[in-house]
1. Excluding the sites themselves, what is the longest stretch of the chain that contains no GluC sites (Glu not before Pro) in a DSSP loop with at most 14 other C-beta atoms within 10 Å?
2. Two-decimal Rg/Rh of the chain from alpha-carbon positions, Kirkwood Rh?
3. Calculate one ³J(HN,Hα) per residue across the stretch 267-273 by plugging θ = phi - 60° into the Karplus curve 6.51 cos²θ - 1.76 cosθ + 1.60, and present them in order as whole Hz with x for glycine and proline.
4. Need one number for the stretch 121-189: average projected area of the convex hull over its C-alpha atoms, nm².
5. Report the equivalent ellipsoid semi-axes for the stretch 1-109 in whole Å, largest first, defined as the square roots of five times the eigenvalues of the gyration tensor built from alpha carbon atoms.
6. Hey, could you pull the Cα Rg and Dmax for the stretch 265-387, both in Å?
7. Roughly what angle does helix 101-114 make with the longest principal axis of the chain, taking Cα atoms, 0 to 90 degrees, to the nearest 10?
8. Once both axes come from the Cα atoms, what is the angle between helix 297-318 and the longest principal axis of the chain, in degrees from 0 to 90, rounded to 10?
Amino acid sequence: MRTQVAIIGGGPSGLLLSQLLHRKGIDTVVLERKTRDYVLGRIRAGVLETGMVVLMREAGVSARLDAESFVHDGVIISYADEKFDINFKELTGTSVVVYGQTEVTRDLYDAREAMGGKIVFNTENVQIHAAESDAPYVTYRVAGTEHRIDCDYVAGCDGFHGVSRKTIPSTVRREYEKIYPFGWLGILSETPPVNDELIYVNSDRGFALCSMRNANLSRYYIQCSMSDSPEDWTDEAFWDELKHRLPSAEAEKLITGPSIEKSNAPLRSFVTEPMRWGRLFLCGDAAHIVPPTGAKGLNTAASDIHYLYHGLIQMFETGDSEGIDRYSEKALARVWKAERFSWWMTNLLHRFPDQNAFDLKMQRAEIEFLRSNRQAQAVLAQNYVGLPY
Ligand code: APR
Ligand code: PHB
């Protein structure tokens with residue numbers, strides 16, 4: 001088989017790139033190690049920057065998003081029994097959109113299949129060969145049969161645990177990582193959200209987040225031990241702990257119900273440089289991970305895809321390699337700003353086991369300054385709604 005761009009990974013990054021390129025007449029093949037249902041079974045974050053919405057529209061996949069998503073003009077920060085708004089619309093003229101990443105991925109799968117996009121599921125032993133040559137190729141196995149795809153370029157969209165990043169020699173790769181000493185336990189419940197806006201909570205018992213998917217589907221998170229598993233928390237225990245962390249007014253009006261999904265996630269900051277090696281380009285979680293506190297995971301994958309898509313189109317249409325030659329530099333410039341914001345939000349709102357009394361005073365002072373200073377709020381707002389591509 002031959003294609004122009006072999007895409008490893010059928011998550012949002014790989015599907016969005018495939019859909020964008022297809023609409024420009026560029027042939028792609030997506031190799032996904034799981035099934036579509038398995039991929040769609042992953043519950044992920046739900047806040048989209050305008051840049052991601054624009055890309056979905058450019059990909060012709062925004063009909064449901066435009067019809068069903070919710071525009072959010074700001075968030076609420078709460079600490080002790082206090083809370084205050086950060087009004088993105090007022091501070092930046094821009095808002096964000098709440099629309100589950102699972103729905104983004106579903107819409108992309110539907111669009112790929114409607115356009116006859118080539119997606120191979122249940123691939124095993126994917127390997128990237130000759131990435132540094134002018135004739136890279138990918139091998140993989142499906143149902144015991146070996147296959148080879150010759151291509152012009154390879155997009156590594158296979159997430160943190162994929163093969164693409166590791167294809168870049170360790171002598172070339174530079175990796176930067178910070179692992180946080182806690183996790184997030186999240187539940188999905190068919191209950192009305194406790195508030196119209198997201199609430200980010202810094203409480204003396206730990207972080208909490210109140211989010212939602214729609215008027216009767218809420219998403220809540222509490223900071224938990226790294227060693228906690230969902231089975232360690234009954235629904236009742238989760239709701240009780242969340243109420244202890246919420247401001248009293250929200251704790252009183254919180255509507256609880258059975259969890260329809262419960263999962264925990266470790267928190268990590270991670271970046272690999274460079275994001276290109278020869279004709280292999282890393283995108284999304286294959287290249288970088290952020291703690292979910294700033295809702296930057298998918299939104300930073302989106303800017304990677306934006307840069308790579310435009311660079312590949314420029315190359316295929318004009319032979320000018322400027323876009324792909326500068327891909328890593330441009331993508332990383334925005335990645336590191338997203339890493340900083342996510343790291344800062346995580347430090348602002350979580351309790352760390354090694355925090356002493358002074359550290360807690362510093363954290364409180366940071367929140368109080370944010371509450372009292374419009375410029376400080378504007379900085380948070382600019383980062384949350386998304387820095388320019
Ligand atoms: N071969 C083929 N497919 C693979 C391989 C492999 N060796 N390894 C991983 N994959 C697939 C996974 O099954 C997954 O479907 O690659 C896909 C990667 O998708 P994501 O992990 O969702 O990464 P990405 O598409 O970059 O999306 C980033 O997802 O994890 C969240 O917070 C993250 O919101 C961000 C978004
Ligand atoms: C979510 O809705 O799942 C969500 C929202 C904001 C975040 C993280 C997760 O920062």
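FYI, it's all coordinate maths here, none of it is from the lab. On a predicted model such as this, the values are computed, not experimentally measured, just so you know. Every residue, glycine as well, gets a Cβ built from its backbone with ideal geometry; the counts of neighbours run over all protein chains shown.
1. Result for the longest clean stretch: 191-389.
2. 0.98
3. With the stated coefficients, the stretch 267-273 comes to 10, 8, 10, 8, 9, 10, 10 Hz.
4. It is 8.0 nm².
5. 33, 16, 11
6. Expressed in Å, the Cα Rg and Dmax of the stretch 265-387 come to 17.7, 60.
7. Around 30 degrees separate the two axes.
8. For 297-318 against the chain, the angle is about 30 degrees.
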